[in-house]
Amino acid sequence: MDNSRSVLEKFFAGLAEAPASLLLLDYDGTLAPFQRERMEARPYAGVVERLKRIQETAGSGFAMVSGRPTAEVAKLLKPLTGFAIRGAHGLEARDVDGNVERVALAEADTRALKTARSQLEDLGMMATIEEKAGGIALHWRAFAPDAAERLRALALRLWTPVLKGTSLRLMPFDGGLELRVTRPDKGDAVRAMLNEQPEGTVVAYLGDDATDEDAFEAVGKHGLSVLVREERRTSAAEVWLRPPEELLEFLDRWIEATSRNGAQQMRKASAMGWLPGKQM
């Protein structure tokens, strides 16, 4: 990621010539700063307005890929509507009309997740957990470091035996630990969305956490992978950006490149007589 500037210049030059483009975005830590209360994690100022402009640009658009349930992502991005979401790391798929499909879980995984939930419920810890399709997450961001470490140790002790005979895995994230099914993951979600795009579509994926590494790998040669976080870390991403300033700059450049592309396509269509009112 040492050559982020040159990589970005090359990417945006190609984006301006692409027949179609799709911006894929993680939510927490990428578009919004982390908050102790999860539903207070609102997008950085200016993000929603820029995403709206991307929606309005011909040939371009955005979609969300998040560990959150799709309903939460949709609520947090209001008043935006009409965008696709892959939630719960790909277990939920919400289309632009709001229709949601869910991947069914294996019985062994369902039983194990129920056991994990009951363990924390018996300890009076329901306020610290988030239940989602295919997983249960323990959050300790609101706790002091020593208390957070005790929670982490407790979760490992309780949940490690639960993994046996299941497809579940323990996944640390920024501020907690999640017990969830191995597949699908964000990489699977990205591949599914890429398969839906027309040939020649240029894609970028922006994410911040360890769970986004699968998505970075999935993007591969299809586009650009971007790590968005305050502190740099080892990552498969090609580019590192600090939010919110560099994130907003990226969105502005996306809008500029795709708007220029759209204008070029309109001029070409007019010259070929493809616009309404023209005779072919």
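Values as computed for the structure displayed
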| read-out | value |
| --- | --- |
| Some residue of the range 240-252 being of a type in the set (Asp, Glu) and buried (at least 18 other Cβ atoms within 10 Å of the Cβ) | no |
| Any chance residue 25 is crowded, with 20+ Cβ neighbours inside 10 Å and either at pLDDT below 95 or farther than 27 Å from residue 220 by Cα (or both) | no |
| Members of the range 219-233 that are farther than 20 Å from residue 12 by Cα and touching a residue at least 12 places away in the same chain (Cβ under 8 Å) | 229, 230, 232 |
| Any hit, the range 53-68, residues being surrounded by 21 or more Cβ atoms within 10 Å (Cβ to Cβ), in contact with a helix residue (DSSP H, G or I) (Cβ under 8 Å, 6 or more places away or on another chain) and within 17 Å of residue 244 (Cα to Cα) | no |
| Considering residues of the range 215-229 that are at pLDDT below 95 and not small (Gly, Ala, Ser) only, the residue most open to solvent (accessible area, probe 1.4 Å) | 221 |
| Tabulated pairs, the range 197-212, first farther than 21 Å from residue 10 by Cβ, second assigned to a loop (DSSP other than H, G, I, E, B) and of a type in the set (Ser, Thr, Tyr), C-beta under 7 angstrom, 6+ apart or interchain | 208/30 |
| Some residue of the range 36-51 being β-branched (Val, Ile, Thr) and over 24 Å from residue 179 (Cα atoms) | yes |
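The values are calculated or read from the model by the stated rules, or taken from the named source; none is laboratory data. It should be emphasised that the depicted structure is a prediction, and the values quoted were computed from it without experimental measurement. When we count neighbours, we look across all protein chains shown, and the Cβ atoms used for this are built from the backbone with ideal geometry, even at glycine. All accessible areas refer to the heavy atoms of the entire protein, side chains included, with ligands and DNA or RNA removed. Shrake-Rupley method; radii C 1.70, N 1.55, O 1.52, S 1.80 Å.
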